[in-house]
Structures are given as structure tokens and as C-alpha cells.
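Written below as C-alpha cells is the structure these notes are about.
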Amino acid sequence: VQLQAFGGGLAQAGGALRLSCTASGFKFDQYAMSWFRQAPGKERELVAVIADSGGTYYPDSVKGRFTISRDNVKNTVFLQMNSLKLEDTAIYYCAAEKNLGAVLAETLKLIDYWGQGTLVTVSS
């Protein structure tokens with residue numbers, strides 16, 4: 001099983017970045033795919049999730065700014081991040097989990113698969 005995240009980097013506040021995560025080794029279309037982030041000194045938190053059905057959820061901190069999508073043919077999940085804020089600076093991780101409830105509850109120990117993380121830095 002492998003999850004490879006790409007697209008992190010440096011962006012200015014108000015700018016945009018697009019992350020992608022390519023999966024292999026499991027039945028991608030049967031899993032809820034999500035993005036979490038972890039800032040220095042803080043706990044890992046859910047940023048966006050897209051269910052196998054295509055339904056999405058965002059916490060208030062990113063709602064209206066971030067959009068998650070998936071391509072089940074290419075086994076890839078995307079995170080479009082617009083109107084970036086300084087507080088969006090973090091390492092972003094993609095994750096795969098069949099149990100959508102575990103993702104929404106942010107029960108990290110139940111998440112089946114994690115990517116390696118990609119750093120997003122937002123500067124003023």
C-alpha cells in the first residue's frame with residue numbers, strides 16, 4: 001500500500017495551492033479519502049474528506065476555501081486550497097479509511113493508511 005502526496009510548497013497569504021495524492025495497493029474507490037494537517041506543536045486535524053460516494057465534509061476553518069475531489073480512474077485525491085491564510089501552514093497528509101465515521105471523528109489510530117506528508121507554508 002502506498003499513498004504519495006505532491007504539491008506542497010510556499011504560497012503567499014491569499015494565494016492558492018493544489019495538493020494531490022496518488023494511491024496504490026488497495027481498492028481506492030471503496031475508501032473514504034481525506035486530508036489532515038499538523039502544524040508545529042499542534043495535533044493532527046481533519047481538513048477535508050470525500051466519501052466513496054463522493055460526499056464531502058469540511059470543518060469550518062477551511063469551508064469555502066478548500067475543495068476536495070477524487071479521480072477513481074487515476075486513484076488520486078486532490079485538495080484545492082484557495083485564499084490561503086498564515087494559519088494554513090502545516091504538513092498535510094492524505095489518508096485512506098473505509099469507515100467514514102472514524103475519519104469524521106478524527107480517530108487517527110483507526111485510519112488504515114497514511115501518506116508521507118507534504119509541507120505547505122503560507123507567508124505574509
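Of all the residues that make up the range 39-58, how many are within 19 Å of TRP114 (Cβ to Cβ) and without any contact (Cβ under 8 Å) to a residue 60 or more places away in the chain? Step through it out loud before you land on a result.
Applying the first criterion (within 19 Å of TRP114 (Cβ to Cβ)) to the range 39-58 yields 39-40, 42-52, 57.
Keeping just the survivors that are without any contact (Cβ under 8 Å) to a residue 60 or more places away in the chain gives 39-40, 42-43, 47-52, 57.
Summing the residues that are within 19 Å of TRP114 (Cβ to Cβ) and without any contact (Cβ under 8 Å) to a residue 60 or more places away in the chain in the range 39-58 gives 11.
Looking only at residues in the range 78-95 that are of a type in the set (Ser, Thr, Tyr) and closer than 14 Å to GLY7 by Cα, which one is least open to solvent (accessible area, probe 1.4 Å)?
Step one: filter the range 78-95 for residues of a type in the set (Ser, Thr, Tyr), giving 83, 89, 92-93.
Keeping just the survivors that are closer than 14 Å to GLY7 by Cα gives 89, 92-93.
Values: THR89: 40, TYR92: 0, TYR93: 32 Å².
Going through the qualifying residues, I end up with TYR92.
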Task: Out of ARG65, ARG44, sole residue that is under 24 Å from ALA13 (Cβ atoms), open to solvent by less than 40 Å² (accessible area, probe 1.4 Å) and touching a helix residue (DSSP H, G or I) at 6+ places or on another chain (Cβ under 9 Å) - done: ARG65
TODO: Would you check which residues across the range 80-124 are touching a residue at least 40 places away in the same chain (Cβ under 8 Å), in contact with a helix residue (DSSP H, G or I) (Cβ under 6 Å, 6 or more places away or on another chain) and among the aliphatic types (A, V, I, L, M) and list them?
DONE: VAL122
TODO: Give the range 1-16 a look and list any residue that's open to solvent by less than 30 Å² (accessible area, probe 1.4 Å), under 19 Å from VAL62 (Cα atoms) and under 15 Å from the mean Cα position of the chain (by Cα), or say none.
DONE: GLY9
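Tally the residues that are assigned to a strand (DSSP E or B), in contact with an Asp or Glu (Cβ under 7 Å, 6 or more places away or on another chain) and under 20 Å from ASP29 (Cβ atoms), restricting the search to the range 88-124. Walk me through how you get there before you give the answer.
Initially, the range 88-124 is screened for residues assigned to a strand (DSSP E or B), giving 90-97, 113-114, 118-123.
Then keep just the ones that are in contact with an Asp or Glu (Cβ under 7 Å, 6 or more places away or on another chain); that gives 96-97, 120, 122.
Next cut, under 20 Å from ASP29 (Cβ atoms) only: 96-97.
Of the residues in that region, 2 qualify.
The values are calculated or read from the model by the stated rules, or taken from the named source; none is laboratory data. What you see is a predicted model, and the numbers here were worked out from it, not measured in a lab. Cβ atoms come from the backbone with ideal geometry, glycine included; neighbour counts cover every protein chain shown. Ligands, DNA and RNA are stripped out before the accessible areas are found, and what is left, the full protein with its side chains, is counted by its heavy atoms. Shrake-Rupley method; radii C 1.70, N 1.55, O 1.52, S 1.80 Å.
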